[in-house]
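Every read-out reported here was derived from the displayed coordinates using simple, explicitly stated rules and does not represent laboratory data. Keep in mind the model is a prediction, meaning the values are calculated, not measured. Here the Cβ positions follow ideal geometry from the backbone for every residue, glycine too, while neighbour counts run over all protein chains shown.
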Amino acid sequence: MKSFYATSLLAFIAATTAVPFPGRLVARDPTQDQVLTSIESWRNDVVNVNSFLDSATSLSASDLQTAAQTALGFASDEPVELGILSSISGLADDALNAITLLQEVFGNVITDLQNIINDPSATSIVNTQLEEINSVRCCNVLPALDILWQAAADDEGISNQVDTSVPRPNACSQVVC
């Protein structure tokens, strides 16, 4: 009986002294500097993943594994940058659609890079993963970035301060979307 009262008393104290949690979290609109830095950082991520994709088939298994780990680091930063740009209020519908698409497909690239890291000497697996990465990036990610980066820069009035062109890996010229 004593434990019931002690537990009840502790539950009552916890309930009456707890800091209230808002029912809804609201993302804060990023500053111009945050948007500019996000686009620049994301562009750097894209350039580095492209570099990996452009050289991957010519690397030894150990070099491929190291390069894929580096590319994974850059690819893993892209959702962070998406989080910043997706917090901009008032983006046009095409930019919002691009954000949704990016949220849906980012995991594919990261999973494929991890598969390459896990077995870099399995040529057929590596080639399949590279084809999948190029397909997702060339047909989905990079075209969505064309829309999102420009919309974000326009919305923040920084179009003349940041490079919104989205670089493509060489494979995009051969990928049919």
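Provide the net charge surrounding ASP163, with neighbours chosen by a C-beta distance below 15 Å and charges set as Lys +1, Arg +1, Asp -1, Glu -1.
Taking every Cβ under 15 Å from that of ASP163, the sum is -4.
Within 10 Å, Cβ to Cβ, of ALA92, how many net charges do the neighbouring residues add up to if Lys/Arg are +1 and Asp/Glu are -1?
Working: positive: none; negative: ASP93, ASP94, ASP154, ASP155.
That sum, taken over residues with Cβ under 10 Å, equals -4.
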